[in-house]
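**Student:** I have a structure I would like to understand better, so I am pasting it below and will then ask my questions one at a time.
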Amino acid sequence: MSEEQGPLWAISGPQIWAGSGRVGHEEPWVGEWPPGGQEISLGAPGEEPGDLGMIPAAGTSDPQPGGTCREHGGPLLWFCYPESRLICQQCRNRCQNHRTVPLEERAAQIRNKIVDRCEKLQLQTAGIQKYLGDTLPAKTPRVAATARAARELVIQRLNLIRTVCDNEEQRLLEEVHAEEERAQQGILTQRAHWSDSALKLSGIRTDLVDMLTKLDDLNLISSAEAIEERTEEAEGILEPQESDKLNFNPNCVQSPMLKRLWVSSVFCCPAVCEDITFDTKTMGPLLALTEDKALTFLQKKAKNYSDEPERFNHWPNCFATGSFQGGVHSWKVNVEKSGAYKLGVAYGSMARKGSGNDSRLGYNPDSWVFSRYDKDFRFSHNSEHQAVELLRSPKHIGVVLDYDVGELIFYDPGACVVLHTHRARFHQPVFPVFAVADESIAFVQ
């Protein structure tokens with residue numbers, strides 16, 4: 001072994017390489033035969049050595065020609081980088097400006113690249129084997145434990161919700177029972193009182209009739225004072241008056257928690273979530289419908305729409321396409337961009353023409369709306385306005401209509417908060433109705 005050449009080394013097994021380092025030499029590392037011409041294998045133990053596993057020692061034999069040059073007939077002993085091909089000596093003389101290297105040097109470079117690649121592949125394989133042997137097996141129990149904890153959390157929270165709901169159900173049913181008993185007891189009391197009063201009146205009448213028919217003039221005059229007393233006694237019995245105390249009070253079942261749960265459940269139920277659209281035939285001249293189906297306020301120039309009977313010709317109002325006359329219905333509106341809007345329900349018979357209150361939402365008996373103007377929120381009906389105090393402006397507003405019960409609820413889905421509740425008996429089909437005086441609003445499907 002020469003002084004410039006480093007020691008030979010070899011590692012056996014599936015992670016094996018053999019070679020020698022050349023101290024102070026810039027040429028790429030060249031794989032060599034171990035002493036004695038022994039072969040090494042890059043494969044697993046027991047595998048037959050392949051082409052990559054047999055690395056001849058550098059300089060131990062003459063360069064093996066890679067064929068003959070078709071042009072000059074000489075052996076191909078050089079490699080030309082620009083042309084990326086093997087060349088003969090005559091070709092090399094002609095390619096003086098090209099970078100060329102001897103055939104064995106180029107082969108050594110390729111061998112070194114193969115060795116580097118194989119080392120990387122071995123490291124990659126080792127990483128995969130470690131992943132298969134350590135990481136994945138460790139994940140299996142962790143996944144099972146995490147899933148078990150998630151199931152327990154769901155069950156725990158739902159059990160708590162069930163307990164709270166059961167307690168609230170029991171409380172509300174007791175309230176209903178107590179209210180029913182109170183009303184029934186009041187009815188019984190009133191029945192007993194007025195039955196007794198009817199008997200008294202009947203007795204007084206009988207006495208007066210007897211006096212009228214059985215007494216002569218002298219006795220009748222003598223009994224004038226008694227007649228007056230009986231008459232005053234009858235006049236002291238008043239007429240029955242209608243009283244709310246004799247009716248069942250439905251407000252006894254009003255529960256903020258129950259209402260929030262019910263409204264949230266309504267918006268989770270596709271059967272009651274309406275797929276409604278703006279009715280372009282009703283849009284006022286200051287409104288337009290964009291390509292993305294947003295109802296937009298026109299600040300600069302009003303539209304010249306055709307004058308249909310159902311179109312608003314002054315206020316920026318718009319009806320939806322469908323109406324409701326029974327059941328539970330809900331829809332959700334994106335109001336994030338607008339600082340001035342109204343939304344609610346209205347009768348289809350509401351006036352559409354002119355600038356009076358009869359065609360202004362919330363200012364007549366035919367419309368019920370929740371509105372915003374800048375930072376002020378309120379509910380309006382028949383020119384009666386009720387302020388709604390909010391800590392923040394909702395991005396979406398959900399509307400729930402229980403037509404049969406006569407309940408209109410405005411809800412903030414993001415905060416799970418009921419903004420306002422209005423109770424009224426509806427006597428006609430109602431339409432979802434909207435107004436915009438700033439930017440745009442749109443349905444949330």
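Nothing in this text is a laboratory measurement; each read-out follows from the coordinates by a stated rule. Fair warning: this is a prediction, and the values are worked out from it, not measured in the lab. Don't worry about glycine lacking a Cβ; one is built from the backbone with ideal geometry, like all the others, and counts go over all protein chains shown.
**Student:** Quote to one decimal, in nm, the extra length available between N112 and S243 on full extension: 0.36 nm per residue of separation minus the C-alpha distance between them.
**Tutor:** Working it through step by step, the gained length comes to 36.7 nm.
**Student:** Straight distance only, please: which lysines reach the Cα of K130 with their own Cα at less than 26 Å, same-chain residues fewer than 8 apart left out?
**Tutor:** List returned: K113, K120, K139.
**Student:** Hey, rough spin-label estimate for T277 and L391, points 7 angstrom out along Cα→Cβ, what's it come to in nanometres?
**Tutor:** Using points 7 Å along Cα→Cβ, the separation is 4.0 nm.
**Student:** Report the semi-axes of the equivalent ellipsoid for region 317-445 in whole Å, largest first, where each axis is √(5λ) for an eigenvalue λ of the Cα gyration tensor.
**Tutor:** Its equivalent ellipsoid spans semi-axes of 20, 17, 14 Å.
**Student:** Could you name the lysines in cross-link range of K300, using Cα to Cα under 20 Å and dropping any fewer than eight places away on the same chain?
**Tutor:** The reachable lysines, counting only those whose Cα sits under 20 Å from K300, are K337.
**Student:** If you add up the charges near N249, with Lys and Arg at +1 and Asp and Glu at -1, over every other residue whose beta carbon is less than 13 angstrom from its beta carbon, what do you get?
**Tutor:** -2
**Student:** A follow-up question, please. Of the listed pairs K259/K293; K259/K281; K281/K375; K245/K332; K281/K395; K293/K342, which have alpha-carbon separations greater than 29 Å here?
**Tutor:** Result: K259/K293; K259/K281; K281/K375; K245/K332 exceed 29 Å.
**Student:** How many angstrom lie between the C-alpha centres of region 218-274 and region 360-424?
**Tutor:** 30 Å
**Student:** Within region 221-235, name every residue whose backbone N is under 17 Å away from a label modeled 7 Å from Cα of L208 along the Cβ vector.
**Tutor:** 221, 223-235
**Student:** Given labels modelled 7 Å from the Cα in the Cβ direction, how far is it in nm from K130 to L218?
**Tutor:** Label-label distance for K130 and L218, simple model: 13.7 nm.
**Student:** Report, ordered by chain and residue number, the aspartates and glutamates lying within cross-link reach of K353, taken as a straight Cα distance under 15 Å and ignoring same-chain residues fewer than 8 apart.
**Tutor:** Qualifying aspartates and glutamates at Cα under 15 Å: D307, E308, E310, D366.
**Student:** Based on alpha-carbon centroids, what's the gap between region 124-189 and region 277-313 in Å, whole number please?
**Tutor:** The two parts, judged by their Cα centres, are 48 Å apart.
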